[in-house]
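The values are calculated or read from the model by the stated rules, or taken from the named source; none is laboratory data. The structure presented is a predicted model; accordingly, all values stated were derived computationally and were not measured. All Cβ positions, glycine included, derive from the backbone under ideal geometry; neighbour counts span all protein chains shown. All accessible areas refer to the heavy atoms of the entire protein, side chains included, with ligands and DNA or RNA removed. Shrake-Rupley method; radii C 1.70, N 1.55, O 1.52, S 1.80 Å.
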Amino acid sequence: MVRAEIITIGDEILYGQILDTNTQWISLELDKIGIKTIRKSSVGDQESEILNILEEAQHRADIVFITGGLGPTKDDLTKKVLANFFGCDMAYHPQALEDVRVFFEKRGRELSDLNRDQALLPTKAQYVQNKQGTAPGMWFEEKETVWVSMAGVPFEMKAMMEDLVLPRVAQHFKTPTIVHKIVKVVGIGESYLSDMIQDWELSLPKHIKLAYLPSLGIVKLRLTGFGDSVTQLNQDIQHEITRVIPLIKPYVFGYEQDELAQVIGQLLIEKGASISVAESCTGGYLSHLFTEIAGSSAYFKGAVISYANEVKINSLGVSPTLLEQEGAVSEACILAMANGVREKLHSTLSLATSGIAGPDGGTEEKPVGTVWIALSHEGGVITRKLQLAGTRKQIIHMTALNCLNLVRKFLLNELTQ
């Protein structure tokens, strides 16, 4: 297994002023050609710290990817540090200098001394062209390790990787074939899921590994196969998926890049149905999950964000007496909201949410996290009381997720009331 380490350089990353997306993208691309990322590190613009992390990396990795610190200003130290690390001088690289000159000429700008110095490279570096910018990339084969230094600007780095670096890496290293497949489940926690499939997991062949990738409300099961043949690995992994699905079928909503709202949208289209939403505690978030899916206008009618009681009364027809006696966070209210929006927007189905997302507003009878959701359909209304925990955002997210899962189960005829 070829081992890779990724190092990002720049104080702005450590300060949290910019989000480091480079390491995630590089890791994903390396995985596609069978290279395992074993370490990701970030270091500031200090020569001693950069040298330390390079020294550590050479003992761990077969190839080290470095992004950032290649700009023309004094705080960009990467080239200087690499020259120091590899014990060589700096010199103008003829092709790099020409490429920088052409870059500025095409834009009608004069090449300054500072820009010209972009072509100053460590003499042991092999030049890697940056077609999108002026910071040249570098390839070193030193200290029994391959080192690749690239621009920190994401679109520049990605172009260098895709056009030049990845093909060269694939030629340089003999790498195994790796295939991933993902099964997505909702409505069950990671530990319960693990108990449910433990016998299957223990029986997996040695060349297939299982990983649990939990997020808020959703767990991804990632099966990874290692071998020589993509075709054979795909067949082997699919066989294992076929074995596990019957064990967890009620919770499986999709595969690979599927999103829950997208899957529900497809089910609505297949059944010729439409949906509307009445939201209180979720404040439009549930509607957002529907409408961020391209083509959702085919089934999503609209929403009423009835955050205030007067909107529940005036727009959804909720009785003032009901609100006074039962409160907004009640089964009676959520039932009226769901029916009201379905009638108002003439949809086949409708969802409604009302709850206490916190951090304030809870009582002994209705603590923070108490939420009612409802699904109205031609035959009646299905209601659910939830007792959720977490931050305000987490409670809102989990409320919306429970709504989506309620619709999914209904459309699949997996529940009635």
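Just so you know, in segment 60-79 the residues that are in contact with a strand residue (DSSP E or B) (Cβ under 8 Å, 6 or more places away or on another chain) and assigned to a loop (DSSP other than H, G, I, E, B) include one that is surrounded by the fewest Cβ atoms within 10 Å (Cβ to Cβ), and it is 60.
Inspect segment 278-289 for any residue being of a type in the set (Asp, Glu) and open to solvent by less than 60 Å² (accessible area, probe 1.4 Å) and give the result as yes or no. Taking every residue of segment 278-289 in turn, at least one turns out to be of a type in the set (Asp, Glu) and open to solvent by less than 60 Å² (accessible area, probe 1.4 Å). Count of segment 67-101 residues, restricted to those that are touching a Gly at 6+ places or on another chain (Cβ under 9 Å) and under 22 Å from residue 4 (Cβ atoms), is 7. Output the residues belonging to segment 118-144 that are open to solvent by less than 60 Å² (accessible area, probe 1.4 Å) and more than 31 Å from the chain's Cα centre (by Cα). Across segment 118-144, the qualifying residues are 118, 119, 120, 121, 122, 125, 127, 140, 142. Can you confirm whether segment 396-406 contains a residue that is farther than 29 Å from residue 269 by Cα, in contact with a Leu (Cβ under 9 Å, 6 or more places away or on another chain) and open to solvent by 30 Å² or more (accessible area, probe 1.4 Å)? Checked against the condition, which is being farther than 29 Å from residue 269 by Cα, in contact with a Leu (Cβ under 9 Å, 6 or more places away or on another chain) and open to solvent by 30 Å² or more (accessible area, probe 1.4 Å), segment 396-406 yields no hits at all. Within the option set 49, 56, being open to solvent by 10 Å² or more (accessible area, probe 1.4 Å) and within 17 Å of residue 11 (Cβ to Cβ) holds for one residue only, 49. Residue check: residue 225 meets all listed conditions (1) modelled with pLDDT of 95 or more; (2) of a type in the set (Gly, Ala, Ser); (3) crowded, with 19+ Cβ neighbours inside 10 Å but one, namely (1).
The condition of being of a type outside the set (Lys, Arg), within 28 Å of residue 216 (Cβ to Cβ) and modelled with pLDDT of 95 or more holds for only one of 316, 289, that being 289. Would you mind listing the helices (runs of 4 or more DSSP H) fully within segment 152-225 where at least 1 residues are touching a residue at least 24 places away in the same chain (Cβ under 8 Å) and among the basic types (Lys, Arg)? So the answer is 154-160, 166-172.
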